[in-house]
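Here is the structure we will look at.
The values are calculated or read from the model by the stated rules, or taken from the named source; none is laboratory data. Quick caveat, the model's predicted, so the values are computed rather than measured. Glycine gets a Cβ as well: all are built from the backbone with ideal geometry, and neighbour counts include every protein chain shown.
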Amino acid sequence: MKVSYYPGCTLKTRAKNLEDSALAAFKALGIEYQELDRWNCCGAVFSLADDDLIHMVAPVRDLVRAKQLGAGTMVTLCSMCYNTLARANELMKHEEVKRKTINDFMNEEPDYFGEVEVVHFLSYLKNQIGWGALKSKVQSPLGGLKIAPYYGCTLLRPKDVAIDHPDSPTLFREFVETLGGEVIEFPSSTVCCGSYQALGNPEAALKVSFDILSDAVSRGADALVLTCPLCDYNLGRRQDDMLRKYEGAKDVPVLYFTQLLAIALGLSQEVCRFELNRSSTARLLKSRNLLAGVKA
Amino acid sequence: MALVISRRTSDTKFHDRVSELSGQEFMKCFQCGTCSGSCPMGDHIDTFPRKIMALLQLGRMEELSELNTPWVCASCHTCMVRCPRGIDITKVMEALRLTRLRQNVNYVEPSNMQPEEIIDLPQIALVSGFRKMTS
């Protein structure tokens, strides 16, 4: 089945480790995909003001591109892009007056009525590939690596675009278990990392991220796995600031779910781009012989 | 601190403006405090969302315009999914931000940011941050 693929801005630069590992996994799983032609930034956040339709133009234009490709499903990897595109899609499906205004305004594009289905890759793995089929493709099971799955906000809230139950999700757990990892459940797995407050109130974002990591570590996690480049910045990249600022801070390996998938599928280490993660990530995986099995 | 409430202290225009921008009926709030207890930024905001809802009900524009809460809110939607009255508090926070931003008053000023402050930030942080905190 062919799907269209929406990457998003950060996946072409800082988060190449999210994109490259996912695209290699698409291939290994036989997912036929095509990247959208002339895609643009989705806006990263969904506009929450009732009279603000101009910020819907960016995500809707991407949805129109997906419709033009003729694939019914558009897969995203970044959870913020997923949220923004899926909510814009819901608006175009259900809010007739706003839909008409947006379609009239974008008169250079064909009218759009929410025909495309926006799907996050984690949901795609569960619903289209299936855990059983995925398990049969695992070449290098994760050998009981203790993994804390971090959902963050945008995969679970609001409810109308949630990929699982907003307060007690299980999808990420199922994913990690399918790959042979041991899941470390922790209450902060659905707590916000501070998101864009990395820009506005970086100290507040640092503290909430530190609390999330401390929660995972105190329950015995070897590593945190996530889906969003902004979470990766707050929880991964900013650990250097935490190590300087907070007593007892530990260096916690953080990786994208697609990197975990690529390892388990036995794909080339090159597609994982571990040079973009904290160096502790590759060190951990090497020490557990999880990089030995992958094709060099 | 006690609040003096009278017709004079209630700015109904402001109340209506926030209601219109957010599309929310905050008169429905019955002050249970679930939003305040759920807020991940609880340690960093100066006023909890429950109190903000009360101030909105009373039309206390003066107090509301000085709060840091809408600017520390990360739009995580936890309060929204848990509100037993079905109020989208995240939208109320956005409306409070917009009452300032639409007067062309930025909360973060891109031109004042030092290169070393932003060099490390990924695009996703810059786009989302500027969308929420600049006009």
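The table below lists the values:
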item: Within segment B:52-84, tally of residues that are more than 27 Å from A:CYS228 (Cβ to Cβ) and either within 8 Å of another protein chain (Cβ to nearest Cβ) or in contact with a Cys (Cβ under 6 Å, 6 or more places away or on another chain) (or both); result: 1
item: Filter result for A:ASP37 (within 14 Å of chain B (Cβ to nearest Cβ) and not in a helix (DSSP H, G or I)); result: no
item: Helices (runs of 4 or more DSSP H) fully within segment B:54-135 counting 2 or more residues that are aliphatic (A, V, I, L, M) and within 12 Å of the chain's Cα centre (by Cα); result: B:89-101
item: Filter result for B:ASN112 (more than 10 Å from chain A (Cβ to nearest Cβ) and at pLDDT 95 or above); result: no
item: Selection count, segment B:17-51, where residues are surrounded by fewer than 19 Cβ atoms within 10 Å (Cβ to Cβ), within 12 Å of chain A (Cβ to nearest Cβ), part of a loop (DSSP other than H, G, I, E, B) and polar (S, T, N, Q); result: 0
item: The listed residue being over 22 Å from A:LEU230 (Cβ atoms) and either basic (Lys, Arg) or within 14 Å of chain B (Cβ to nearest Cβ) (or both), out of A:LYS126, A:LYS159; result: A:LYS126
item: Some residue of segment A:35-43 being at pLDDT 95 or above, under 14 Å from A:GLY8 (Cα atoms), crowded, with 24+ Cβ neighbours inside 10 Å and not assigned by TED's automatic domain parsing to the domain that holds A:LEU226; result: yes
item: Pick from segment A:199-211, criterion touching a helix residue (DSSP H, G or I) at 6+ places or on another chain (Cβ under 6 Å), within 9 Å of chain B (Cβ to nearest Cβ) and under 22 Å from B:CYS35 (Cα atoms), ranking: surrounded by the fewest Cβ atoms within 10 Å (Cβ to Cβ); result: A:ALA204
item: Residue pairs meeting the criteria (Cβ under 6 Å; at least 6 apart or on separate chains; first at the interface with chain B (Cβ under 8 Å from one of its Cβ atoms), in segment A:42-57; second outside any loop (DSSP other than H, G, I, E, B) and of a type in the set (Lys, Arg)); result: A:VAL45/B:ARG131; A:LEU48/B:LYS91
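Here's the yes/no breakdown for (1) within 24 Å of A:LYS27 (Cβ to Cβ); (2) among the basic types (Lys, Arg); (3) touching a helix residue (DSSP H, G or I) at 6+ places or on another chain (Cβ under 8 Å):
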| site | (1), (2), (3) |
| --- | --- |
| A:GLU109 | no, no, yes |
| A:TYR112 | no, no, yes |
| A:SER123 | yes, no, yes |
| A:LYS126 | yes, yes, yes |
| A:SER136 | yes, no, no |
| A:SER140 | yes, no, yes |
| A:PRO166 | no, no, yes |
| A:PRO169 | no, no, yes |
| A:GLU174 | yes, no, yes |
